[in-house]
1. To the nearest 10 degrees, how steep is helix 39-50 against the longest Cα principal axis of the chain, on a 0 to 90 scale?
2. Which number do you get for Rg(Cα) / (2.2 N^0.38 Å) in the range 380-526?
3. Output needed for the range 618-750: three equivalent-ellipsoid semi-axes, defined as square roots of 5 times the C-alpha gyration tensor eigenvalues, in descending order, whole Å.
4. Return the subset of Lys222/Lys283; Lys531/Lys748; Lys78/Lys122; Lys269/Lys349; Lys11/Lys639 for which the Cα-Cα distance in this structure is over 29 Å, preserving the input order.
5. Run through the DSSP bridge list for the chain and note the antiparallel percent, rounded to the nearest 5.
6. What residues qualify as long-range amide H neighbours of Thr759, i.e. H under 5 Å apart, gap of 5 or more or another chain, H built at 1.01 Å from N?
7. Could you give each residue of the range 324-333 its phi-based ³J(HN,Hα) in whole Hz, using Karplus coefficients 6.51, -1.76, 1.60 with θ = phi - 60°, and x for Gly or Pro?
8. List the GluC sites (Glu not before Pro) within the range 530-605 that fall in a DSSP loop (any state other than H, G, I, E or B) and whose Cβ has at most 16 other Cβ atoms within 10 Å.
Amino acid sequence: MSNSFEIPHDKLTWHCDLSYLPFTCTAEMTPLEDFIGQERAIRAIEFGLGVDKPGFNIFVTGLTGTGKTSIIKAFLKKATSAKAPPEQDALMPEDWCYVYNFTDPDRPQALRIRRGWGKVLKTDMEQLVQNLVREAKKMFESEDYAHQRQEMVEQLQKQQQAMMEVLMREATENGFTLRMTPSGIVLLPTKDGKPMQEEEYLALAPAEKKRLEESRGEIEKKVEATLREGKKLEREIAEKLEAAETQAADYLVRIPLTDLKHKYGDYPKVLAYLDAVRDHILKNLQRFKGIEPAPVMTPMGPMTLGESPGDPFLPYRVNVFVDNSDTQGLPIIVETNPTYHNLIGVVEKKPIAGGYFTDFTLIKAGSISRANGGYLVLYDRDVFSNAGVWEALQRVIKNRELRIEEPGTFFGFVPPQGLRPEPIPTDTKVIMIGNPYLYRTLASVDPDFRETFKVKADFNFEIDRTQENITAFSCFISDYCNRERMRHFDTEAVARVIEQCARKVEDQNKLSTRFSDMVDLLIESNYWAEKEKAELVSGRHVERAVVEKTFRLNLIEKHLQELIAEGTVLVDVDGAVIGQVNGLAVYQMGDFSFGKPSRITAKTFMGRGGIINIERESKLSGNTHDKGVLILGGYLGGKYAQESPLSLSSTVCFEQSYDGVDGDSASSSELYAILSSLSEIPIKQGIAVTGSVNQNGEVQAIGGVNQKIEGHYDVCRLKALTGAQGVMIPRANVRNLMLRPDVVEAVKAGKFSVYAVSTIDEGIEVLTGVPAGARDGAGRYMEGSVNDRVEQKLRQFTERQKKLAVSLNSQRNSTAIAEGTS
């Protein structure tokens, strides 16, 4: 009876028909220029790149290796080449510069200028400073200028000397003399033309003393007036000297600055900056003299005409913040290390005298600034692994401007930095490459996410197995072999590679688009062809690449198989046992997965406890597995307890399981074990089972079907194949079969079998060899069938429980009567 459920060997895998590959080797194929599949993602990317509006940034999702980055780069290259006409390409994108802010030095100004002109402006300003220093030195050290300056100083000195002579004569006439001291001018009384000694002054008559004090007061007023007039003369001479310097300097800067203003006439902010430069130069001429200004000595003390700052030419420097002189078309920046500073930018600091120093020339651009006007590609894992980066990126996208500040500033960890550069407007299309789970999470918890990433491009990990796609895969192999200078693949080798692509997605009608896995297979196959010194890569080289990779990764699988073979792990693959079945599980070990059979046992007995999941009670069961076990109670109640209550207690257990169990793919296996225990019909131990079940008894599809079949086959092979062994899978999984060649050959030779069932009734027939049985017109199951024997056992449990309940009630009543009588 089980033969009707057996899958023919030619349905256990899909072989690529060589007629689909009309070539001898891939060298004859045209290298691939377009992309394979991904029409949905490509249309989304085209839409996102075509909409030039705020918020239409692109979030690209999909499994690793599906070509997301390659397609993004190719589309960006195509988009940038077609974005602007050639005459505009020379202008876009523009450069950005930071310059000194003469009004507020702590807020450097940002200048936007034509592409490539940032460096030109910087060179022009450096050349301006060099020329002014050279010309100013000539002018200020010339004899004419020195003579003019000396004349003005001498004029001041003569005027001050004349004023002092008048003052001294008047002091002498009144019996005083003037003496210059460090603290100022002092009046001393005289006698016989000489300053009096203290004793002589004290010996004077009171009337004489009074006269001298009155005269002193009058003369001191005149001294103060003379000093004020002298200072006024100093200021006038200083102003004349400064005016002379300014006039001379104005002559020096007028022509070169006029030329620069004519050159940069299309940029108002540059013109305003040049005007500010002119004013600053004229007010700070000492910066161009190259020497410390010497103080001018006058009879009333030294007169300082200026001071030299520590960094004389800093205000005239230009910081080329973003230089696009070498950029062809719109910028495309792929940031693989998006730290806060790498992405946003930074104001660098230099250590000096135990502290730190910074200025506007130390403002450095980040990826967003360098991608301004173009495209910025980021990877979600890199962004979220750096604190503060996601918030800063959201802020830049939302506000469409970039503010360069320390990340600790807006967290409140550090005080604000000294410099606050002027914000730069941004027009950057951000493309984030990530996984679907993160996209769903951000869309759910981040209120700004949908406003900043309005376009989702979802890459599929599989495509339809069509003639067109098979040809495209062949062209891809041809292109990769040409690019990497590898041996080309013959027809059979290409067929084996494409078959592996179908196996990757476990679908006979689909092909995997995880091209990174395909590339690995191409490289490994080429290696084995090179070892044999073959001219072309053939099918046997691809097969060996697959086998060798499995050998490198399956150490743990082999250890588990040895434990089963030697009897340490109990798994029977022969005979029949009541209430015992072999379930199948898949173990995921990073980049390698394998299947392993596990013994599942069930014990049934009279009671009302229902189905007890031992894994759950011992906290070794996951939520999905718990759900699968709970479904079994619904199935049993719906099928066998329509006329009487379900009086059943059953324990279900994965034997020798210590690491936890999850998933519902063993729920059908657990149900078969329970049915076997109730019906007392043994289950064939050579047939392992996988598949989940619903409350209607329908067997549902599961994952990892190939690994499960191959895992049980390997165990049976180690213990000796008898021809009665096999695996039973859901019928919905038949299209997922892409089994190894050795398994297919064993089935073809009658040494192993693969069965497909749709319902529990079909499955129990395969496992026991006894018909499941259907209800007749009277509502009874066929006598002797599995369902009939299960129902009888459940009725027995119910009747026994009723009798037990009546007996217990009688005993209680008798006890109560006896106690009442006594």
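1. 20
2. Normalised Cα radius of gyration, the range 380-526: 1.56.
3. Equivalent ellipsoid of the range 618-750: 29, 16, 15 Å, largest first.
4. Lys222/Lys283; Lys531/Lys748; Lys78/Lys122; Lys11/Lys639
5. The antiparallel proportion sits near 65 percent.
6. Val699
7. So the J values, rounded to whole Hz, are 9, 4, 9, 7, 9, x, 5, x, 10, 10.
8. Glu532, Glu535, Glu566
The values are calculated or read from the model by the stated rules, or taken from the named source; none is laboratory data. Keep in mind it's a predicted model, so treat the numbers as computed, not measured. Don't worry about glycine lacking a Cβ; one is built from the backbone with ideal geometry, like all the others, and counts go over all protein chains shown. Note: areas computed on protein heavy atoms with side chains; ligands, DNA, RNA excluded. Shrake-Rupley method; radii C 1.70, N 1.55, O 1.52, S 1.80 Å.
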